[in-house]
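Some notes on the structure that comes next.
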Amino acid sequence: MTMADPGPPAEIKVRRKSRILWLHFRDGETFELPFEYLRVYSPSAEVRGHGPGEGKLELAKEGVQIREVVPVGNYAVCLKFDDGHESGIYSWAYLYELGAKYDEKWARYLERCEKLGYERKPPAAPQ
């Protein structure tokens, strides 16, 4: 198992109150990925774009919820968010990468927000 092919997680938990997708992979790695992070790094063409570059900068996703996790074959899940976004197919390798590179990717996102002058707001408590 490698980051390129970690295989499916042994366990996935959606923690709605804390807005965390918890993943435990068979190699022992465990990741807690915030819903906002997963939403702004969606692998969909709508977010990533169709060519090179950083794609669309998603803003105001601090309070987004995952309303459903749908298996896609044996290789991925589709995360359906409560803001209507549901076209991203998150492969096991991509989820593993998001976990392994969380610090650098999140810092890059915050840097892009800052350059744009966007100030993140704390989300309201989940219902």
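Just so it is clear, none of the values below were taken in a lab; they were calculated from the coordinates. Keep in mind that this is a model prediction, so the values were computed, not measured. Cβ coordinates were reconstructed from backbone atoms using ideal geometry, including for glycine residues, and neighbour counts include every protein chain displayed.
What to note about this one:
- Net charge, residue 95 excluded, C-beta distance under 14 Å - Lys, Arg +1, Asp, Glu -1: -1
- When both the range 1-46 and the range 60-108 are represented by their alpha-carbon centers, they are found 7 Å apart.
- Beyond 21 Å in Cα-Cα separation lie the following of the pairs 13/56; 17/56; 17/101; 80/115; 61/115; 13/121: 13/56; 17/56; 17/101; 80/115; 13/121.
- Binned Cα-Cα distances of the chain, short to long, each 5 Å bin given as a whole percent: 2, 10, 20, 24, 22, 14, 6, 2, 0
- Amide H to amide H distances under 5 Å link residue 89 with 44, where only residues 5 or more positions off or on other chains count and H is placed in the peptide plane.
- Computed from Cα atoms, the angle from the helix 102-116 axis to the main principal axis of the chain rounds to 20 degrees.
- The range 90-101 - phi-based ³J(HN,Hα) in whole Hz, Karplus 6.51/-1.76/1.60, Gly and Pro as x: 9, 5, 4, 4, 5, 4, 5, 4, 4, x, 5, 10
- Taking each DSSP H run with n ≥ 4 as -39500 (n - 2.57) and averaging over every residue of the chain yields -7500 deg cm²/dmol at 222 nm.
- Of the trypsin sites (Lys or Arg not before Pro) found in the range 11-71, the ones in coil according to DSSP and having at most 15 other Cβ atoms within 10 Å of their Cβ are 16, 17, 26, 56.
- One decimal place: the segment residue 57-residue 12 gains 13.5 nm when fully extended, by the rule 0.36 nm per residue minus the C-alpha distance.
- Computed from backbone phi with θ = phi - 60° and the Karplus coefficients 6.51, -1.76 and 1.60, the 3J(HN,Hα) list for the range 72-86 is 10, x, 9, 10, 6, 9, 9, 9, 9, 9, 6, 8, x, 6, 8 Hz; x is used for glycine and proline.
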